Amino acid sequence: MLLRSLSIMERVILPEPSRILELYNALERYYGDLKWWPAETPDEILIGAILTQNTSWKNVERSIYRLREVNLITIDSISESSPELVAEKIRSSGFYNQKAKRLVDVCRTIRSFGGLSSLSELDDDRLEHLLLSIKGIGMETMESLLCYIFGRKVFVMDKYTFRIFGRIGLLSEEDRIEIRHRIEEVIKDNRKLGNFHAALVNLGKDHCRTVPECHGCPVSSMCNYYMGLTEGGSAHIR
Ligand code: SF4
């Protein structure tokens, strides 16, 4: 264990807990409690998490609405449906044939394990491994399910996290797991971790877009890019 820790420390410079907390507090002050995930049931969270892969949430909302119209909004109902019927309802989510098959397969697999309630009895490690063993569930989707369905103290690392943390100066992409675990060590609360992710998604849409709009950004005072400490930064300092 010690050797493992040392080898990780040699490879990765983890962000200071104080900087993670500074970012978390600034975002919580700015956005408040965002009450994520935007869904009515755990089954809907799962469905949304699959549909949002490689597409925006706005597109997913239309698909969820159409699935609700025909009562295809539970793991059981989707398991018993055909990929063709699901595909017809989720066209707005893009790659709809592929996603419909993936969604039906994931729902059937979860049902074969006894459903979400059976999975909720597993400890964090076993649940993480089991979810990752299901075709169609990658790291980000697994993290979302652990955080928002199962209430585990897990942080969701997505493209907004990488972009914002990268610009602020908190990570490089290869450090994914270590950085995630560091964040979970610092913010030891499921609600706060879920809200942190939600706030980063909002910041990524409101300010830290592909081309950043730094004016009015609530975390500019701690951002390397804004301070001109990162290549391409400083253009917004007046
Ligand atoms: S100051 Fe600019 S680059 Fe830094 S986090 Fe805010 S929007 Fe992104």
Inset, instruction - Quickly run through segment 166-181 and pick out the residues that are buried (at least 19 other Cβ atoms within 10 Å of the Cβ) and either among the aromatic types (Phe, Trp, Tyr) or within 16 Å of the ligand (Cβ to nearest atom) (or both). - result: Arg167, Ile168, Leu170, Leu171
Inset, instruction - Find all pairs meeting these conditions: Cβ atoms under 7 angstrom apart; at least six residues apart or on different chains; first residue within segment 34-52 and closer than 23 Å to Arg91 by Cβ and not assigned by TED's automatic domain parsing to the domain that holds Leu103; second residue assigned to a helix (DSSP H, G or I) and open to solvent by 40 Å² or more (accessible area, probe 1.4 Å). - result: Ile50/Arg102
Legend entry - Among the residues listed as Ile187, Ile110, Ile183, the single one being touching a residue at least 40 places away in the same chain (Cβ under 8 Å), aliphatic (A, V, I, L, M) and outside the structural domain of Pro218 (by TED's automatic domain parsing): Ile110
Legend entry - Scope segment 116-133; condition closer than 17 Å to Leu51 by Cα and open to solvent by less than 10 Å² (accessible area, probe 1.4 Å); matching residues: Leu131
Inset, instruction - Restricting attention to segment 201-215, report how many residues are more than 9 Å from the ligand (Cβ to nearest atom) and either open to solvent by 20 Å² or more (accessible area, probe 1.4 Å) or in a loop (DSSP other than H, G, I, E, B) (or both). - result: 4
Inset, instruction - Could you check how many residues of segment 225-235 are more than 8 Å from the ligand (Cβ to nearest atom) and either at pLDDT 95 or above or not aliphatic (A, V, I, L, M) (or both)? - result: 5
Legend entry - Close pairs from segment 203-221: first not assigned by TED's automatic domain parsing to the domain that holds Ile168, partner open to solvent by 20 Å² or more (accessible area, probe 1.4 Å) and more than 8 Å from the ligand (Cβ to nearest atom), Cβ under 6 Å, at least 6 apart: none
Inset, instruction - State whether one or more residues within segment 132-139 are under 20 Å from Cys223 (Cβ atoms) and of a type outside the set (S, T, N, Q). - result: no
Legend entry - From Gly169, Gly151, Gly115, residue being touching a residue at least 12 places away in the same chain (Cβ under 8 Å), within 30 Å of Thr210 (Cβ to Cβ) and in contact with a helix residue (DSSP H, G or I) (Cβ under 7 Å, 6 or more places away or on another chain): Gly169
Legend entry - Single unsatisfied condition, Glu184 versus (1) of a type in the set (Asp, Glu); (2) open to solvent by 60 Å² or more (accessible area, probe 1.4 Å); (3) modelled with pLDDT of 95 or more: (2)
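The values are calculated or read from the model by the stated rules, or taken from the named source; none is laboratory data. In this text, all values refer to a predicted model and were calculated from it rather than measured experimentally. When we count neighbours, we look across all protein chains shown, and the Cβ atoms used for this are built from the backbone with ideal geometry, even at glycine. Heavy atoms of the whole protein, side chains included, go into the accessibility calculation; ligands, DNA and RNA do not. Shrake-Rupley method; radii C 1.70, N 1.55, O 1.52, S 1.80 Å.
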